[in-house]
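Here the structure is laid out as structure tokens; the discussion comes afterwards.
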Amino acid sequence: MGGLKKKVAIRTFGCQMNVADSEQMARVLAADYVLTDRPEEADLLLINTCAIRRKSEEKVLSLLGRLKAFKKRRPGLIIGVGGCVAQQEGERLLKAIPHLDLVFGTHGIYRLPELVKRAEQERTVDIGLSSCFPEAPGHEWPAGRVQTLVTIMQGCNNFCSFCVVPYVRGREFSREPADIEAEVKSFLAAGGKEVTLLGQNVNSYGRGLAEPVTFMELVRRLAALPGLARLRFATSHPKDLSDELIESFGELPALCEHLHLPVQSGSDRILKAMNRRYTREHYLDKVGRLKQVCPELNLSTDLIVGFPGETEEDFQDTLALMREAGFGQSFSFKYSPRPNTRAAEFPDQVPEPVKAERLRRLQAVQDELTLAAHRRLLGQVKEVLVEGPSKKSAGQLCGRLRTNQVVNFTGPQELAGRLAMVEITEAHPHSLKGRWVQEAPAR
Ligand code: 5AD
Ligand code: SF4
């Protein structure tokens, strides 16, 4: 029946949550549409947007502008915008962009089939927020897929003063553990090996369920599933990372030695203004305990420079904390004022050139830390989950360590999709190289 189906192209901006949402869009539309990566042959073009910083929003608006000519060439084409910018702008987006047919919010994904049908008749907006996960349609896993993202909760109740997420994704609600387990089991049955659990704040998973479950309970239940070689999760809020979860890093074999734990700033004054509800000392205490139970742990983080009121001294506190925590990787951003958020109204906004200069200095420190972490891996033989041929080095394979670093290595092509033992032979600031040694022992 594939030949009778129409084609959908989906362009994704932003975070892992959006990547997972785009995959869900393709699944809910699968009865009528096949996915294509060639927008010029699509009947339906969906753009999944991100509103976290102004720059990502600007990129979306400029792409939408360019699509005018596209639509002229293919008048039957339906163009839809979803995700956080759609949620934030709603009707305004439809008014501003005449060649747009559909605007759907962060909770509109499951209603997409009917929304697209409506958009074929009339221009449509749906930015209603809900508070539960509808039953997900069963689906087939793409052949050869070894890793997947599984959404376990939506929304956020934290209201960090810089962040637009609680406004565009609504309050927290969790998915039923049985549904999550069923999805993971079906992935494992299809040959999957690695699962990343996703939510804006996974540590508060399970609170609103009819039968409340803790995140730790969910992790234990999934980590015990036969065939699951690797389990990860993102994102954790430092204030909610429980002692039990910290200890499980030394305990549960499937749980990877990698944790993304956004700190945002190393200054107590700024953390308070950000409404993060932990201090630098609390954060470093948790890091210390994590490293104690799991010395190999690779810690990654998010950092914001130039938050309103940030002085050179506050910034120095951030640089010092980076060294103390020994981050293996960080995602760093210049503070960007967002609609509705409290920090956008704070008086002492930091000038753009100061933000840019701090970002450069911070990234230089991170490069140094990353290179040091890479060098520590030199000569070691590590387990790699092989994703497939390397995009960067012809003839090589590419995979990821349990600690989350990407390795390009030489080895037989048939290793794709398998676990392999690889010796790390070269450490560069942004990459690792290696050579295949042998198959990984069965888990
Ligand atoms: N400005 C800059 N960075 C931001 N982030 C969230 N909101 C903003 C903002 N207004 C960053 C935080 C968060 C990551 C996903 O994006 O570091 O952890
Ligand atoms: Fe945004 Fe803070 Fe919620 Fe993370 S915890 S999504 S930074 S409000």
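We did not get these values from a lab; they are worked out from the coordinates using the rules stated. Only a predicted model underlies this, so the values are computations on that prediction, with no experimental measurement involved. Note that each Cβ is placed from the backbone with ideal geometry, even for glycine, and that neighbours are counted across all protein chains shown.
The Rg/Rh ratio for segment 6-126, using Cα coordinates for both the radius of gyration and the Kirkwood hydrodynamic radius, is 0.91. Sparse packing (at most 16 other Cβ atoms within 10 Å of the Cβ) combined with a DSSP loop state is found for none of the trypsin sites (Lys or Arg not before Pro) in segment 315-380.
The dipole here belongs to the chain: it is taken about the Cα centre, uses +1 on the Cβ of Lys and Arg and -1 on the Cβ of Asp and Glu, and is about 1180 debye.
Database note for the chain: Cys without another Cys beta carbon under 4.7 angstrom, Cys15, Cys50, Cys84, Cys132, Cys156, Cys256, Cys294, Cys398. Sorted fewest first by neighbouring Cβ atoms within 10 angstrom, Glu91, Glu296 come out as Glu91, Glu296. By the beta-carbon count within 10 Å of each Cβ, the least crowded to most crowded order of Arg27, Arg221, fewest first, is Arg221, Arg27. Placing +1 on the Cβ of every Lys and Arg and -1 on the Cβ of every Asp and Glu, with no other charges, gives segment 381-439 a dipole of roughly 180 debye about its Cα centre.
Taking every C-alpha pair closer than 8 Å and separated by at least 6 residues, the mean separation divided by the residue count of the chain gives a relative contact order of 9 percent. Stokes-Einstein diffusion of the chain at 37 °C, 0.692 mPa s viscosity, Kirkwood radius from Cα pairs, rounded to a whole number: 141 µm²/s.
Note on segment 381-439: dipole from Cβ charges, positive end direction compared against Gln413, Gly395, His428; the farthest Cα belongs to His428.
Where only DSSP H runs of four or more residues are counted, the chain gives -10500 deg cm²/dmol as its mean residue ellipticity at 222 nm, each run worth -39500 (n - 2.57).
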